[in-house]
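The values are calculated or read from the model by the stated rules, or taken from the named source; none is laboratory data. Quick caveat, the model's predicted, so the values are computed rather than measured. Reconstructed Cβ throughout: ideal geometry from the backbone, glycine too, with neighbour counts over all protein chains shown. In case anyone asks, the SASA skips ligands and DNA or RNA and just uses the protein heavy atoms, side chains included. Shrake-Rupley method; radii C 1.70, N 1.55, O 1.52, S 1.80 Å.
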Amino acid sequence: MDYFLYQIGILHAEDVAIPEIAAQVGTPFYLYSAATLRRHFRLFDEALEGMDHLVCYAMKANSNQAVLKLMADMGAGMDVVSGGEYARAKAAGVPGERIVFSGVGKTRQEMHMALSGGIRQFNVESEPEMIALNEVALSLDMVAPITIRVNPDVDAKTHAKIATGKSENKFGIPISRASTVYAQAAAMKGLDVIGIDVHIGSQLTQLEPYRAAYEKVADLTKQLRAEGHNIRRLDLGGGLGIPYERSNDAPPLPMEYGQMVKEVLGDLDCEIEIEPGRLIAGNAGILVAEVIYVKQGEDRQFLIVDAAMNDLIRPAMYEAHHDILPVVEAEAGMEQSPYDIVGPVCESGDTFAKQRNLTPQQAGDLVAFRSAGAYGAVMASEYNSRPMIPEVLVDGHQFAVIRPRPTLEDMINRDTIPEWL
Ligand SMILES: *Cc1c(COP(=O)(O)O)cnc(C)c1O
């Protein structure tokens, strides 16, 4: 559930009419609902009630400082995957003891940064990384808390580009080698081995792959304990999917996910961490664009809007579906016709949707791309020298621009021309 609803025929974000924001900010822009973000965080927090747990928001989904501050104020931890994200989390007021560091390619510089700034744990993904982290920790006269990410070889049944739990994926250590690798880690004086980490992919729409992975984690926990390791924390990753198409079956709810976690892992007496990103931010955001032209092609109509693949790359990159709604609700009984909805970028891949049925649209009309709050703004670029679009946050009756649109001058002045040229 989210808070983007029609009120008397006009799409609102919470209590604010979207045309009002468009008039002030200019299109295109991202628009986030604070109430939806809070609601989604609470769903996860409540789903794990009764277990010692921490919800670490996977901030790569949406790392705007205002979004991070809102999450931090609710008590969220953060899952970070780079030094940049670590710095953003700290700048938003997240204490180090609530930050977990994931990722296959952490550099020594990033390790140094997180160790000296404070960190809950590193989720280590390989032996060379383990060796590097041990060295960095010892050089600082510190001990780095770690879990080791295991690759359970489970098919997450999601898009290949966001599946991470199969043996051919670059993530984690093969679960079959866990015993050896944990023994190596335990022998390193700069490391404190506290648990196990697993993350099998993103946009999962079934519980079965999770259950299969978590059963392997439960078995591994018992095995490693028998081998003398004090396993006391399980990081279960993120990845729970969201309904991109409201007409489709909805993926499992956080409550059902939490129930399954309790069933499979509840009797291990471990602290549980989860790392949801998409489910928290995805349906808490929309992208608002304006129709520039309606163009008649040979056999189809094109709706050319002022947002493009550089602003929202998911359709081009993952063949993703986004529901597209007119901001001014169509009158009842109005006929729909199919449009190809495209942006101005000079690539045929700059297509948001093909043959999507909409009521008649005209230049100047506003449309909203739903489910754009996660992996939207964070993946944007300035391809075609299109300035990054602004981000706006609504909270009840108020709204604010939380990242302004750069001027063309700002954009140009970021480059420098060498004196000798
Ligand atoms: C991307 C990622 C997540 C979040 O995935 P969502 O699908 O956004 O919930 C969590 N943990 C790790 C390690 C990730 O790489």
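For region 34-279, the solvent-accessible area works out to 39 Å² per residue, with a probe of 1.4 Å and every protein chain left in place. Between the helical axis of 208-226 and the longest alpha-carbon principal axis of the chain there is an angle of about 20 degrees. Across the alpha-carbon atoms of region 34-279, the computed radius of gyration and Dmax are 17.0, 56 angstrom. Of all aspartates and glutamates in the structure, those lying under 16 Å Cα to Cα from Lys90, and not within fewer than 8 positions of it along the same chain, are Asp73, Asp79, Glu110. Within region 182-226, the proportion of Cα pairs with more than 15 Å between them is 55 percent. For a straight C-alpha distance cut-off of 23 angstrom, the lysines reachable from Lys166 (same-chain residues fewer than eight places away being disregarded) are Lys60, Lys106, Lys157, Lys216, Lys222.
Ratio to report: Rg/Rh of region 11-126, with Cα atoms as the point set and Rh obtained by the Kirkwood method; give two decimals. With Rg and the Kirkwood Rh in hand, the quotient comes to 1.06. Evaluate E = 1/(1 + (r/R0)^6) for Arg177 and Gln362, where r is the Cβ-Cβ distance and R0 equals 60 Å; express this FRET efficiency to the nearest 0.05. Efficiency, rounded to the nearest 0.05: 0.50. The fraction of Cα-Cα pairs per 5 angstrom bin, counted from 0 for region 90-198, comes to 2, 12, 23, 22, 17, 12, 8, 2, 0 percent, rounded to whole percents.
Using only alpha carbons, region 46-106 has a radius of gyration to Kirkwood radius ratio (Rg to Rh) of 0.97. For the chain, the share of alpha carbon pairs falling in successive 10 Å distance bins from zero is 4, 21, 29, 23, 14, 6, 1, 0 percent. Between Lys189 and Met255, full extension at 0.36 nm per residue minus the direct alpha carbon distance yields a gain of 19.8 nm.
With all protein chains in place and a 1.4 Å probe, the accessible surface of the chain carries 51 percent carbon and sulfur.
Note on surface exposure: Asp73, Asp192 rank Asp73, Asp192 by accessible area, highest first, 1.4 Å probe.
With the simple spin-label model, which puts each label point 7 Å out from Cα in the Cβ direction, the Tyr293 to Lys262 separation comes to 5.8 nm.
Phi-derived couplings, Karplus 6.51 cos²θ - 1.76 cosθ + 1.60 at θ = phi - 60°, listed residue by residue for region 63-74: 10, 4, 4, 5, 5, 5, 4, 4, 5, 4, 5, 7 Hz, with x used for Gly and Pro. The base-10 log of I(q)/I(0) for region 326-421, evaluated at q = 0.10, 0.14, 0.25 Å⁻¹, reads -0.44, -0.79, -1.40 [Debye formula, identical scatterers on Cα atoms, solvent excluded]. Ordered from largest to smallest accessible area (heavy atoms of protein chains, 1.4 Å probe), the residues Arg177, Arg314 come out as Arg177, Arg314. Treating each Cα of region 180-300 as an identical point scatterer and ignoring solvent, apply the Debye formula and state log10 I(q)/I(0) at q = 0.23 Å⁻¹. Evaluating at q = 0.23 Å⁻¹ gives log10 I(q)/I(0) of -1.29. Phi angles across region 374-384 convert, under the Karplus curve 6.51 cos²θ - 1.76 cosθ + 1.60 with θ = phi - 60°, into 3J(HN,Hα) values of 10, 6, x, 4, 5, 9, 6, 9, 9, 3, 6 Hz, Gly and Pro given as x. With springs connecting C-alpha atoms under 10 Å apart, model the chain as a Gaussian network and identify which of Leu393, Leu408, Leu224 has the largest mean-square fluctuation. Per the Cα network of the chain with a 10 Å cutoff, Leu408 tops the list. A DSSP coil position with no more than 16 other Cβ atoms inside 10 Å describes the following trypsin sites (Lys or Arg not before Pro) in region 101-175: Lys157, Lys166, Lys170. Mean residue ellipticity, 222 nm, helices only, the chain: the sum of -39500 (n - 2.57) across DSSP H runs of n ≥ 4, divided by residue count and rounded to 500, is -8000 deg cm²/dmol.
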